[in-house]
Amino acid sequence: MEEDAVTAQPTLSSTASVGQRRSLRTEVRPELLRGVPLHVALSNWGRHWRAPDQGMFNVNPKNYQLSRPTKAYDAFLSHDWASSRWLKFVSLLMIFNSGPAFAISFLVSVLVGTLRAYRVIPDQAWTLSVIYVVYFTIFLFWQRIRAILCRPLVVFLDKLCVAQHDEDLKQEGIQSLGAFLLSSRELVVLLSPQYLSRLWCVFEISTFLRDKASLKRLRIIPQKTTLLLLMVAGCWHLLASYYFSLIRYGVLSTWGEDADAVSGLTMTAAMLGFCSLLVPLSFYVGIGLVSELQEVPRQLHSFRVQDSKCYCCSHSHVHPRSSEPLPCDRQLVYEAIQDWWVAAKEDGPDPHLERFNASVRQRVAPKIANGMGIGLPFQYVVYTAVFCIVPWLADFIALWAETIDQRPVISIWTLRHFVTWGIVGLALLFALRVCIWLWTLGSLIEKRLSSRWLAVFIVTPLSFLGVCSLWLPLGISLAVTSEDNPLPVIIFLAGAALTAFVWHIQRPDPSLEPSHCSASTQSRDDDDNTFSM
């Protein structure tokens, strides 16, 4: 829940009177504990994630009726309403749907390849389109399919789970935010540049991460990660289609013929043309993403809840449209911190707030850093970008079946055959890890030269080294060795081990270490900085 949306409705009472009767609580009446099926939250292409008009929700009671009573939430969706509706929508598809889409399309590819091998269906290229259709259908509509097959996922989305049409119910729902968080199995954070500057957002993640075990139930995805992965996937889909088409249709071996030469050159020109546009754009987004992630440690290192923003205080507690008084959410959160936090021994103004700030810096910041990882979670890279080789598995199964009668089923040739298929996925994973380092380098160059595009044109050519470093040795070994030589298989396994190693490497950001906190916060015992909930 984010303060711009939930607190913006005009109230029936004055700010003072509302403030006197408002308080955050960790228990809620059962009838107010309401969740919404995830497929409903994603319905109509994410229309429920549209930013409210000047802080106002649609107060249609039908929105509240989309939710239903529940005993617990599968996920609490934490976000800010100022960020892009489409980025949040696609990010949720990435988190909840990309895994099933990859797994199911992989099985369909094996099935299509097997049916082609036995000539149950034609051994033709159009059959690959079936796999693409399956993937995108599952990616877009898996939650609806899941709701038919089994229990749907139930999530908390403030716009639908807190009554907006009834002022009393709305205020009670806002005050029960702690109870909603404690009733959630996991917290999904759709991270944006302004997320950590919002009062309610910081309160949500701090409340959820009140103990160490909760880190395992935290999922953070920067919203621009989704856009970046889609662009990267687009580049590699073009490259994979070009490469596999040359293999499947023998263009490489017959390129000397005029017709095949024209076909090969046309495919090459089209592939280079699209990639020359997508690759620089993906680097532009990648450098921007790294720059944003580098700001997160700095925001947390100097975090003060007193500096966070909320809708009511930004508008002097007067609704900009109706001129009605707005209740103060900052006062509500401050009182909760004072009630839930162990009283400080030192003198000074608002010591409970300073202890809250210290806990965010010392305990929450490292957990957020661990949850973010490197900004491109490995599993989503596999589910979206590596999918580029999945449809072509059907082709390789059909090709393998054409000549398997002449060879043992398990042989060096069989391994080499499928290494030829897997080379693209392996090169993709290694090259993308190299690109992450290049994006970091590009962000440094951008700061020095004050031009992101200049940084893009400096570091983008280096990305080809990442692509060629694994692809070239494998390609050469496949070309120059006999079909019973295991060298390409050995190189592939070594490349897979190297790729796993470079993805496993993750340097923690030193600015998130407790040693960088002030001396006053260092002297406090970490166990004291806990909620008394």
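If you check Leu149 against the conditions, is it in contact with a strand residue (DSSP E or B) (Cβ under 9 Å, 6 or more places away or on another chain) and on the phi < 0 side of the Ramachandran plot? Talk me through it step by step, then tell me what you get.
Numbers: in contact with a strand residue (DSSP E or B) (Cβ under 9 Å, 6 or more places away or on another chain): no; on the phi < 0 side of the Ramachandran plot: yes.
Taking the combined requirement at face value, the residue does not satisfy it.
Check Val232, Val189, Val202 and return the single one that is among the β-branched types (Val, Ile, Thr), more than 20 Å from Phe96 (Cα to Cα), buried (at least 17 other Cβ atoms within 10 Å of the Cβ) and at pLDDT 85 or above. Please lay out each step first, then the result.
Details: Val232 fails: more than 20 Å from Phe96 (Cα to Cα); Val189 fails: more than 20 Å from Phe96 (Cα to Cα).
Of the residues listed, the single one that is among the β-branched types (Val, Ile, Thr), more than 20 Å from Phe96 (Cα to Cα), buried (at least 17 other Cβ atoms within 10 Å of the Cβ) and at pLDDT 85 or above is Val202.
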Look at segment 136-193 and say how many of its residues are closer than 22 Å to Arg50 by Cα and basic (Lys, Arg). 3
Among the listed residues Gln143, Gln164, Gln171, which satisfies the condition of being touching a residue at least 12 places away in the same chain (Cβ under 8 Å), farther than 28 Å from His237 by Cα, part of a helix (DSSP H, G or I) and of a type in the set (S, T, N, Q)? Gln171
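Quick check on segment 95-110. Is at least one of its residues at pLDDT 65 or above, touching a strand residue (DSSP E or B) at 6+ places or on another chain (Cβ under 7 Å), assigned to a helix (DSSP H, G or I) and surrounded by fewer than 22 Cβ atoms within 10 Å (Cβ to Cβ)?
The answer is yes, given that some residue of segment 95-110 is at pLDDT 65 or above, touching a strand residue (DSSP E or B) at 6+ places or on another chain (Cβ under 7 Å), assigned to a helix (DSSP H, G or I) and surrounded by fewer than 22 Cβ atoms within 10 Å (Cβ to Cβ).
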Report whether or not Arg298 is surrounded by fewer than 19 Cβ atoms within 10 Å (Cβ to Cβ) and under 21 Å from Gln171 (Cβ atoms). no
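Regarding segment 430-444, can at least one residue be identified that is closer than 30 Å to Glu483 by Cβ and in a helix (DSSP H, G or I)? Steps first, please.
We begin by selecting, within segment 430-444, every residue closer than 30 Å to Glu483 by Cβ; these are 430-431.
Right, trim to in a helix (DSSP H, G or I) and you get 430-431.
Scanning segment 430-444 turns up at least one residue that is closer than 30 Å to Glu483 by Cβ and in a helix (DSSP H, G or I).
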So how many residues does segment 446-459 have that are surrounded by fewer than 20 Cβ atoms within 10 Å (Cβ to Cβ) and either within 26 Å of the chain's Cα centre (by Cα) or not hydroxyl-bearing (Ser, Thr, Tyr) (or both)? 8
Selection count, segment 314-346, where residues are more than 18 Å from Gln171 (Cβ to Cβ), touching a His at 6+ places or on another chain (Cβ under 7 Å) and either modelled with pLDDT of 75 or more or of a type in the set (Val, Ile, Thr) (or both): 2
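Residue by residue through segment 161-176, note down the ones that are buried (at least 24 other Cβ atoms within 10 Å of the Cβ) and either under 23 Å from Phe89 (Cα atoms) or among the β-branched types (Val, Ile, Thr) (or both).
So in segment 161-176, the residues buried (at least 24 other Cβ atoms within 10 Å of the Cβ) come out as 161-162, 164, 173.
Residues satisfying the conditions are Cys161, Val162, Gln164.
Before we move on, is Phe492 under 35 Å from the mean Cα position of the chain (by Cα), without any contact (Cβ under 8 Å) to a residue 60 or more places away in the chain and not in a loop (DSSP other than H, G, I, E, B)? Step through it out loud before you land on a result.
Numbers: under 35 Å from the mean Cα position of the chain (by Cα): yes; without any contact (Cβ under 8 Å) to a residue 60 or more places away in the chain: no; not in a loop (DSSP other than H, G, I, E, B): yes.
It is false that Phe492 is under 35 Å from the mean Cα position of the chain (by Cα), without any contact (Cβ under 8 Å) to a residue 60 or more places away in the chain and not in a loop (DSSP other than H, G, I, E, B).
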Please verify whether segment 189-200 includes one or more residues that are in contact (Cβ under 8 Å) with a residue 40 or more places away in the chain, out of contact with any Cys (no Cβ under 9 Å at 6 or more places or on another chain) and part of a helix (DSSP H, G or I). yes
Six or more apart or on different chains, Cβ atoms under 7 Å: show the pairs whose first residue is in segment 92-120 and farther than 11 Å from Ile131 by Cα and whose second is of a type in the set (Gly, Ala, Ser). Arg116/Ala394; Arg116/Ala398; Ala117/Ala398; Ala117/Ala401
Helices (runs of 4 or more DSSP H) within segment 1-83 that include 1 or more residues buried (at least 23 other Cβ atoms within 10 Å of the Cβ) and at pLDDT 90 or above: 38-41
Criterion first (at pLDDT below 90, surrounded by fewer than 22 Cβ atoms within 10 Å (Cβ to Cβ) and among the hydroxyl-bearing types (Ser, Thr, Tyr)) does Thr420 satisfy it? no
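The values are calculated or read from the model by the stated rules, or taken from the named source; none is laboratory data. Please read all numbers here as calculations on a predicted model, not as lab measurements. Using ideal geometry, Cβ is built from the backbone for each residue, glycine included, and neighbour counts are taken over all protein chains shown.
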